[in-house]
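Any read-out appearing in this document is the output of simple, stated calculations on the displayed coordinates, not a laboratory observation. Keep in mind the model is a prediction, meaning the values are calculated, not measured. Here the Cβ positions follow ideal geometry from the backbone for every residue, glycine too, while neighbour counts run over all protein chains shown.
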Amino acid sequence: MLKQLSSSKEGRVLDIDMLLSSPEELEREGYEHIKEGKLKDGIKLLVRAAKKYEEVRELRKAANLYKEAGLILKDKLGLKEHAKPLMRRAAYLYIRLIENEVDKEEVNLGRLTMWCINVIEAFTFLKDEENTKKYAREFAKMFEDLGANYLEAGETDSAVVAYESAYRYYDLIGDKDGIQRTAGKLVEIFGEIAEEAISDERYEDSGEAFEKVANYIKAIFGYDERYMELMETAGKHYEKASKLSYAEGNLEDLTRLLLKAQYSYLLARNFSRANLIGLNLVKMLNQLVNSLRSEGSFEKVGEKLMEFAETLIALGKIENAIKVYREALEESGGLIDLRARIRVSIIKYLAAKERSLKLLRTLDAIDFLIKHAKFLDAIDLAEKTIMEHEEGEKILKDIYKAEGIEFSE
């Protein structure tokens, strides 16, 4: 007898043949059930769809559905133990996808990076420390080898992506030799990028390159004078770029670049320069937001309010910053990247204030997640980090309130 699922909503009947339906049909109906609140039936359909995708060798779709079903079981139904087999199955399918990808003549770095992240996430979810470390080490070596190959072929951008991934995985397992080796290679690459940008008078690019050099120098020597001097240099280059924007009458780029300069000086612990830029930015952004509103450029207002909030955080005015952040969310529709940015800004402020290498290293992990659009994971890690500080609980409560999340006492 064929297995069927039937459900109704406002008179509409959903019939699905579990054995004969295509994986696409099962997936579509699964998400329909979930949308209607029929979570268990929806999960059954997603898992069945995943199995069918496996049968036709569509491993990416199968892995994604196993992972999705597992997360729904854990997050929506609180059934973590039931989710574990699905997450483990997803992990091994992602590993097969990785193996297939690296055998290709041209590797798709974007796909490869995401699948590696998914494997580590799955084993972390399972609290499988042995496999987490095993595959993190394998991925680190794989990306390091890819970085060397790309560099030899003159493909600098791809080399950077590969070496940065290798650095992240060596950092995850605490391999000091691997961390220093990949950091050293990235210092060389970004140093060359900085020189080229300076010769072309691309000062924003040179500022970013110096910031990257500083970031990887700190992985070798810590939060020392070398790191702070490089961040100071980055700040000066951002200021140069801002002057060019000012000369062109581009006030939007001017404020964006000065904000970068402010945070570079902040992390360089040149607090007087960071504060001076911040105070000027407060005036500029206040005027710019009013101007954009009067022009009807409402799509730009949210971003400039977010910059305003970040400026205030760097000045240590966190309560005022969160009030402005609330406006930024209202104007932008609550974009998730803004939620990550406010938390990152607070950690940068704390890192500079405390001269904390630990916080800088945590920022590395958060930036890696943001770069790969893992905003929820980045926010989770940022919140755990903020909570470790004396005022962390109050800061997060204020942020939640700005985001419309209230907790009963």
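Explain nothing, just compute: Karplus ³J(HN,Hα) = 6.51 cos²θ - 1.76 cosθ + 1.60, θ = phi - 60°, for every residue of the stretch 165-176 in order, whole Hz, x for Gly and Pro.
Result, rounded to whole Hz: 5, 4, 4, 4, 6, 4, 5, 4, 9, x, 7, 4.
Dipole magnitude of the chain about its Cα centre, charges +1 at Lys/Arg Cβ and -1 at Asp/Glu Cβ only, in debye to the nearest 20?
Result for the chain is approximately 1300 debye, rounded to the nearest 20.
What ranking do 51-59, 260-268, 148-156, 375-383 get when scored by the average of other Cβ atoms within 10 Å per residue, highest first?
By packing density, highest mean first, the sequence is 260-268, 375-383, 51-59, 148-156.
Does the stretch 14-106 come out rounded, prolate or oblate by the C-alpha gyration tensor, with a ≥ b ≥ c the root eigenvalues, rounded set by a/c under 1.5 and, if not, prolate when a/b is larger than b/c and oblate if not?
Oblate, since a/c reaches 1.5 and b/c is not below a/b.
Among SER297, ASN250, MET114, whose Cα sits farthest toward the positive end of the charge dipole of the chain (+1 at Cβ of Lys/Arg, -1 at Cβ of Asp/Glu, about the Cα centre)?
Ranked along the dipole, the leading option is MET114.
So if I place +1 on the C-beta of Lys and Arg and -1 on the C-beta of Asp and Glu, and nothing else carries charge, what would the dipole magnitude of the stretch 133-270 be about its Cα centre? I want it in debye, nearest 20.
In debye, rounded to 20, the stretch 133-270 gives about 700.
Compute the angle between helix 80-102 and the longest alpha-carbon principal axis of the chain, please, reported from 0 to 90 degrees and rounded to the nearest 10.
Rounded to the nearest ten degrees, it is 70.
Kindly provide the helix-only [θ] at 222 nm of the chain, computed as the sum of -39,500 (n - 2.57) over DSSP H runs of four or more divided by all residues, to the nearest 500 deg cm²/dmol?
Mean residue ellipticity, 222 nm, calculated: -27000 deg cm²/dmol.
As I understand it, the value is the acute angle between the Cα axis of helix 375-387 and the longest principal axis of the Cα atoms of the chain; what does it come to in degrees, rounded to 10?
60 degrees
For the pairs LYS317/LYS384; LYS317/LYS394; LYS67/LYS323; LYS80/LYS141; LYS52/LYS371, flag any whose C-alpha to C-alpha distance is greater than 25 Å.
The pairs that break the limit, which is 25 Å between Cα atoms, are LYS67/LYS323; LYS80/LYS141; LYS52/LYS371.
Using just the Cα positions, wrap the stretch 160-228 in a convex hull and report its mean projected area in square nanometres, one decimal place.
If I average the Cα hull's projected area over directions, I get 4.5 nm².
Could you give me the ³J(HN,Hα) list for the stretch 21-30, computed from phi with Karplus coefficients 6.51, -1.76, 1.60 and θ = phi - 60°, whole Hz, x at Gly and Pro?
Going residue by residue, I get 5, 6, x, 4, 5, 5, 4, 4, 5, x Hz, with x marking Gly and Pro.
What list of ³J(HN,Hα) values in whole Hz, one per residue of the stretch 322-335 in order, does the Karplus curve 6.51 cos²θ - 1.76 cosθ + 1.60 (θ = phi - 60°) give from phi, with Gly and Pro shown as x?
Calculated HN-Hα couplings, in order: 5, 5, 5, 4, 4, 5, 4, 5, 5, 6, 9, x, x, 4 Hz.
What are the semi-axes of the equivalent ellipsoid of the stretch 281-409, taken as the square roots of 5 times the eigenvalues of the Cα gyration tensor, listed largest first and rounded to whole Å?
Equivalent-ellipsoid dimensions as semi-axes: 25, 16, 15 Å.
Exactly which GluC sites (Glu not before Pro) in the stretch 188-270 are in a DSSP loop and have at most 14 other Cβ atoms within 10 Å?
Counting only loop positions with at most 14 other Cβ atoms within 10 Å, the GluC sites (Glu not before Pro) in the stretch 188-270 are GLU201, GLU248.
So how tilted is helix 251-267 from the main axis of the chain? Cα-based, degrees 0 to 90, rounded to 10.
So the inclination is approximately 90 degrees.
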